[in-house]
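**Student:** Have a look at the structure that comes next, please.
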Amino acid sequence: MSEIIILDHPLIQHKITLIRDKNTQMKEFRELVDELSNLISYEATREIELKEIEIETPIGKTKSKVISGKNIAVIAILRAGLGMVDGILKLIPPAKVGHIGMYRDPDTLTPVEYYAKLPSDIKDRKVIIVDPMLATGGTAVACIDYIKKCGTVDIKFMCLIAAPEGINMLQKYHPDVKIYAAALDDRLNSHGYIVPGLGDAGDRLFGTK
(Lines give C-alpha, C1' and ligand atoms only; values in the text may rest on other atoms or scores of the structure.)
Protein backbone atom coordinates (compact mmCIF):
# COMPACT_ATOMS: atom_id res chain seq x y z
CA MET A 1 0.00 0.00 0.00
CA SER A 2 1.21 3.50 -0.85
CA GLU A 3 3.00 5.34 1.92
CA ILE A 4 1.39 8.71 2.62
CA ILE A 5 3.51 11.53 4.00
CA ILE A 6 1.47 14.49 5.26
CA LEU A 7 3.84 17.36 6.03
CA ASP A 8 2.94 19.20 9.20
CA HIS A 9 5.82 21.68 9.32
CA PRO A 10 4.55 25.04 10.67
CA LEU A 11 5.71 26.99 7.59
CA ILE A 12 3.86 24.60 5.30
CA GLN A 13 0.68 24.69 7.34
CA HIS A 14 0.78 28.50 7.49
CA LYS A 15 1.11 28.78 3.71
CA ILE A 16 -1.63 26.19 3.12
CA THR A 17 -4.00 28.37 5.14
CA LEU A 18 -3.13 31.36 2.96
CA ILE A 19 -3.76 29.58 -0.35
CA ARG A 20 -7.09 28.22 0.91
CA ASP A 21 -8.34 31.77 1.59
CA LYS A 22 -10.66 32.90 -1.21
CA ASN A 23 -9.36 36.45 -0.76
CA THR A 24 -5.79 35.49 -1.71
CA GLN A 25 -5.14 37.07 -5.09
CA MET A 26 -3.52 35.40 -8.10
CA LYS A 27 0.00 36.82 -7.68
CA GLU A 28 0.23 35.77 -4.04
CA PHE A 29 -1.41 32.42 -4.81
CA ARG A 30 1.26 31.67 -7.42
CA GLU A 31 4.04 32.64 -5.04
CA LEU A 32 2.61 30.45 -2.29
CA VAL A 33 2.29 27.41 -4.57
CA ASP A 34 5.91 27.96 -5.62
CA GLU A 35 7.08 28.20 -1.99
CA LEU A 36 5.05 25.18 -0.88
CA SER A 37 6.41 23.08 -3.74
CA ASN A 38 9.94 23.98 -2.71
CA LEU A 39 9.29 23.06 0.92
CA ILE A 40 7.53 19.77 0.15
CA SER A 41 10.27 18.72 -2.26
CA TYR A 42 12.78 18.72 0.61
CA GLU A 43 10.92 15.71 2.02
CA ALA A 44 10.21 14.11 -1.36
CA THR A 45 13.95 14.08 -2.16
CA ARG A 46 15.07 12.76 1.24
CA GLU A 47 15.97 9.34 -0.20
CA ILE A 48 18.31 10.57 -2.94
CA GLU A 49 21.53 8.53 -2.88
CA LEU A 50 24.78 10.18 -1.82
CA LYS A 51 28.42 9.36 -2.44
CA GLU A 52 31.53 10.60 -0.68
CA ILE A 53 34.16 12.60 -2.54
CA GLU A 54 37.30 14.44 -1.55
CA ILE A 55 37.38 18.23 -1.88
CA GLU A 56 39.63 21.02 -0.73
CA THR A 57 38.27 23.87 1.36
CA PRO A 58 40.20 27.15 1.86
CA ILE A 59 41.62 25.48 4.98
CA GLY A 60 42.45 21.97 3.79
CA LYS A 61 41.31 18.68 2.24
CA THR A 62 38.23 16.85 3.50
CA LYS A 63 35.74 14.21 2.48
CA SER A 64 32.15 15.28 1.87
CA LYS A 65 28.98 14.01 0.22
CA VAL A 66 27.32 14.80 -3.11
CA ILE A 67 24.24 13.45 -4.87
CA SER A 68 24.82 10.15 -6.64
CA GLY A 69 22.77 7.60 -8.52
CA LYS A 70 19.76 8.28 -10.74
CA ASN A 71 18.88 11.77 -11.85
CA ILE A 72 15.47 13.30 -11.28
CA ALA A 73 12.63 14.21 -13.61
CA VAL A 74 9.70 16.39 -12.59
CA ILE A 75 6.51 15.58 -14.48
CA ALA A 76 3.82 18.25 -14.36
CA ILE A 77 0.21 17.26 -14.93
CA LEU A 78 -1.16 20.10 -17.06
CA ARG A 79 -2.17 22.61 -16.40
CA ALA A 80 -2.11 23.25 -12.65
CA GLY A 81 1.03 21.14 -12.17
CA LEU A 82 3.00 23.86 -13.97
CA GLY A 83 2.64 26.05 -10.90
CA MET A 84 4.71 23.60 -8.85
CA VAL A 85 7.65 23.06 -11.20
CA ASP A 86 9.73 26.17 -10.55
CA GLY A 87 9.65 25.66 -6.79
CA ILE A 88 11.23 22.23 -7.24
CA LEU A 89 13.76 23.42 -9.83
CA LYS A 90 15.03 26.03 -7.38
CA LEU A 91 16.04 23.11 -5.18
CA ILE A 92 17.15 20.73 -7.97
CA PRO A 93 18.20 22.84 -11.00
CA PRO A 94 19.52 19.89 -13.09
CA ALA A 95 16.17 18.05 -13.00
CA LYS A 96 14.54 17.51 -16.38
CA VAL A 97 10.89 18.46 -16.80
CA GLY A 98 8.16 16.55 -18.61
CA HIS A 99 4.51 17.40 -19.22
CA ILE A 100 1.40 15.25 -19.41
CA GLY A 101 -1.82 16.93 -20.43
CA MET A 102 -4.98 15.48 -18.94
CA TYR A 103 -8.31 17.00 -18.14
CA ARG A 104 -11.17 15.63 -16.10
CA ASP A 105 -14.38 15.07 -18.02
CA PRO A 106 -16.96 17.15 -16.13
CA ASP A 107 -19.68 14.51 -16.57
CA THR A 108 -17.83 11.24 -15.96
CA LEU A 109 -14.96 12.71 -13.85
CA THR A 110 -12.59 10.37 -15.74
CA PRO A 111 -9.23 11.62 -17.12
CA VAL A 112 -8.76 12.32 -20.82
CA GLU A 113 -5.17 12.53 -22.12
CA TYR A 114 -4.43 15.15 -24.77
CA TYR A 115 -0.65 15.72 -24.61
CA ALA A 116 2.55 14.02 -23.41
CA LYS A 117 6.19 15.10 -23.71
CA LEU A 118 8.73 13.38 -21.46
CA PRO A 119 12.55 13.35 -21.24
CA SER A 120 14.00 10.75 -23.59
CA ASP A 121 15.78 9.03 -20.68
CA ILE A 122 12.70 8.95 -18.44
CA LYS A 123 13.10 5.25 -17.64
CA ASP A 124 16.49 5.94 -16.05
CA ARG A 125 15.27 8.75 -13.79
CA LYS A 126 13.61 9.10 -10.42
CA VAL A 127 10.25 10.69 -11.23
CA ILE A 128 8.28 13.16 -9.14
CA ILE A 129 4.78 13.77 -10.53
CA VAL A 130 3.28 17.08 -9.44
CA ASP A 131 -0.32 18.29 -9.34
CA PRO A 132 -1.65 20.67 -6.67
CA MET A 133 -4.80 18.64 -6.02
CA LEU A 134 -5.28 14.89 -5.60
CA ALA A 135 -9.08 14.70 -5.87
CA THR A 136 -10.65 11.57 -7.39
CA GLY A 137 -7.21 10.16 -8.18
CA GLY A 138 -8.17 9.24 -11.73
CA THR A 139 -5.80 11.68 -13.40
CA ALA A 140 -2.89 10.71 -11.14
CA VAL A 141 -3.46 7.00 -11.83
CA ALA A 142 -3.65 7.57 -15.60
CA CYS A 143 -0.45 9.65 -15.49
CA ILE A 144 1.41 6.99 -13.51
CA ASP A 145 0.12 4.31 -15.90
CA TYR A 146 1.61 6.25 -18.82
CA ILE A 147 4.98 6.80 -17.14
CA LYS A 148 5.28 3.16 -16.08
CA LYS A 149 4.67 2.10 -19.68
CA CYS A 150 7.81 4.11 -20.52
CA GLY A 151 9.80 1.80 -18.23
CA THR A 152 10.07 4.04 -15.17
CA VAL A 153 9.93 2.23 -11.83
CA ASP A 154 10.89 4.90 -9.27
CA ILE A 155 7.89 7.24 -9.01
CA LYS A 156 6.58 9.61 -6.33
CA PHE A 157 3.45 11.76 -6.38
CA MET A 158 3.52 15.23 -4.84
CA CYS A 159 0.51 17.48 -4.25
CA LEU A 160 -0.59 20.28 -1.97
CA ILE A 161 -3.99 18.97 -0.90
CA ALA A 162 -5.38 15.43 -1.12
CA ALA A 163 -8.82 13.90 -0.61
CA PRO A 164 -9.32 10.45 0.93
CA GLU A 165 -10.90 9.26 -2.33
CA GLY A 166 -7.75 10.17 -4.29
CA ILE A 167 -5.49 8.52 -1.74
CA ASN A 168 -7.58 5.34 -1.90
CA MET A 169 -7.48 5.31 -5.70
CA LEU A 170 -3.70 5.64 -5.81
CA GLN A 171 -3.27 2.96 -3.15
CA LYS A 172 -5.49 0.61 -5.11
CA TYR A 173 -3.80 0.93 -8.51
CA HIS A 174 -0.25 2.01 -7.62
CA PRO A 175 0.61 0.85 -4.09
CA ASP A 176 4.33 1.33 -4.81
CA VAL A 177 4.06 5.10 -5.33
CA LYS A 178 4.71 7.30 -2.30
CA ILE A 179 2.35 10.25 -1.84
CA TYR A 180 3.51 13.58 -0.43
CA ALA A 181 0.94 16.20 0.55
CA ALA A 182 0.66 19.26 2.77
CA ALA A 183 -2.92 18.48 3.82
CA LEU A 184 -5.43 15.63 3.76
CA ASP A 185 -8.93 17.08 3.53
CA ASP A 186 -12.37 15.70 4.41
CA ARG A 187 -13.96 14.50 1.17
CA LEU A 188 -15.06 15.29 -2.37
CA ASN A 189 -18.32 17.07 -3.12
CA SER A 190 -20.78 16.01 -5.82
CA HIS A 191 -18.77 17.92 -8.45
CA GLY A 192 -15.51 16.17 -7.58
CA TYR A 193 -13.97 19.15 -5.78
CA ILE A 194 -12.02 18.69 -2.55
CA VAL A 195 -13.80 19.93 0.60
CA PRO A 196 -12.75 22.31 2.09
CA GLY A 197 -9.96 22.47 -0.52
CA LEU A 198 -9.02 25.72 -2.20
CA GLY A 199 -11.22 25.76 -5.29
CA ASP A 200 -9.81 25.17 -8.79
CA ALA A 201 -6.02 25.43 -8.51
CA GLY A 202 -5.56 25.98 -12.24
CA ASP A 203 -8.04 28.84 -12.37
CA ARG A 204 -6.48 30.50 -9.34
CA LEU A 205 -2.96 30.11 -10.73
CA PHE A 206 -3.72 31.43 -14.21
CA GLY A 207 -6.63 33.79 -13.63
CA THR A 208 -9.00 31.90 -15.92
CA LYS A 209 -12.07 32.22 -13.72
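**Student:** Answer with one residue from 108, 55, 32: the one whose Cα lies farthest towards the positive end of the charge dipole of segment 1-130, charges on Cβ with Lys, Arg +1 and Asp, Glu -1.
**Tutor:** 55
**Student:** Applying 1/(1 + (r/R0)^6) with R0 = 25 Å to the Cβ-Cβ distance of residue 171 and residue 206, what FRET efficiency is obtained, to the nearest 0.05? Don't jump to the answer; show the numbers that get you there.
**Tutor:** Values: r = 31 Å, r/R0 = 1.22.
So, using R0 = 25 Å, E works out to roughly 0.25.
**Student:** Still on this structure: Averaged per residue, what accessible surface does the chain expose to a 1.4 Å probe, in Å²? Each step should come with its number before you reach the end.
**Tutor:** Working: 10940 Å² over 209 residues.
Dividing the accessible area of the chain by its residue count gives 52 Å².
**Student:** I'd like the orientation of helix 10-20 relative to the chain: the angle between its Cα long axis and the longest Cα principal axis, in ° from 0 to 90, rounded to 10.
**Tutor:** 30 degrees
**Student:** Here's another thing I want to ask about it. Taking 0.36 nm per residue of separation and subtracting the Cα-Cα distance, what length does fully extending residue 27 through residue 1 add?
**Tutor:** On the way: separation 26, 0.36 × 26 = 9.36 nm, distance 3.76 nm.
Working it through step by step, the gained length comes to 5.6 nm.
**Student:** So between residue 112 and residue 190, what do we pick up on full extension, going 0.36 nm a residue minus the alpha carbon distance? Don't skip to the answer; put the middle values down first.
**Tutor:** On the way: separation 78, 0.36 × 78 = 28.08 nm, distance 1.96 nm.
Between residue 112 and residue 190, full extension yields an extra 26.1 nm.
**Student:** Sticking with this structure for a sec: Short version: ³J(HN,Hα) in whole Hz for each residue of segment 174-191, in order, from phi by Karplus 6.51 cos²θ - 1.76 cosθ + 1.60 (θ = phi - 60°), x for Gly and Pro, what are they?
**Tutor:** 9, x, 8, 9, 6, 10, 10, 8, 8, 7, 10, 8, 6, 5, 9, 8, 5, 9
**Student:** Relative to the longest principal axis of the chain, what angle (0 to 90°, nearest 10) does the C-alpha long axis of helix 164-173 take?
**Tutor:** Compared with the principal axis, the helix lies near 60 degrees.
**Student:** Follow-up question, since we're still on this one. Just add up the charged neighbours of residue 206: K/R +1, D/E -1, any other residue whose Cβ is under 13 Å from the Cβ of residue 206.
**Tutor:** Working: positive: 27, 30, 79, 204, 209; negative: 200, 203.
Surrounding charge for residue 206 is +3.
**Student:** Which distance in nm do the two modelled labels at residue 11 and residue 63 give, with both placed 7 Å along the Cα-to-Cβ direction?
**Tutor:** Taking the two extended label points, one gets 3.1 nm.
**Student:** Then there is this: Using the Karplus equation 6.51 cos²θ - 1.76 cosθ + 1.60 (θ = phi - 60°), what ³J(HN,Hα) coupling, rounded to whole Hz, does each residue of segment 26-31 give in order, writing x for Gly and Pro?
**Tutor:** For segment 26-31, the Karplus-derived couplings read 4, 4, 5, 4, 4, 5 Hz, x marking Gly and Pro.
**Student:** From the phi angles alone, apply the Karplus equation (6.51, -1.76, 1.60; θ = phi - 60°) to segment 127-138 and give each ³J(HN,Hα) in whole Hz, x where the residue is Gly or Pro.
**Tutor:** Taking θ as phi minus 60°, the curve returns 10, 10, 8, 10, 7, x, 10, 10, 9, 6, x, x Hz for segment 127-138.
**Student:** Could you pull out which residues in segment 132-153 have an amide N less than 17 Å from a spot 7 Å beyond the Cα of residue 105, following the Cα-Cβ vector?
**Tutor:** 136-143
**Student:** Can you tell me the mean projection area, over all orientations, of the convex hull of the chain's alpha carbons? Units nm², please. Mind dumping the intermediate values first?
**Tutor:** On the way: hull surface 52.5 nm².
So the Cα hull casts an average projection of 13.1 nm².
**Student:** Restricting to lysine pairs 8 or more places apart or on different chains, what number in segment 1-71 have Cα atoms under 16 Å apart? Don't skip to the answer; put the middle values down first.
**Tutor:** Details: 15/27; 51/63; 51/65; 51/70.
Lysine pairs satisfying the spacing and distance rule in segment 1-71 number 4.
**Student:** Right, here's the next one. Expressed as a whole percentage, what fraction of the accessible surface of segment 1-60 belongs to carbon and sulfur atoms when a 1.4 Å probe is rolled over the protein heavy atoms? Don't skip to the answer; put the middle values down first.
**Tutor:** On the way: 2200 of 4140 Å².
Carbon with sulfur: 53 percent of the solvent-accessible area.
The values are calculated or read from the model by the stated rules, or taken from the named source; none is laboratory data. In this text the structure is predicted, and so the values were computed from the model without any measurement. With ideal geometry, Cβ positions are generated from the backbone for all residues, glycine too; neighbour counts draw on all protein chains shown. Note: areas computed on protein heavy atoms with side chains; ligands, DNA, RNA excluded. Shrake-Rupley method; radii C 1.70, N 1.55, O 1.52, S 1.80 Å.
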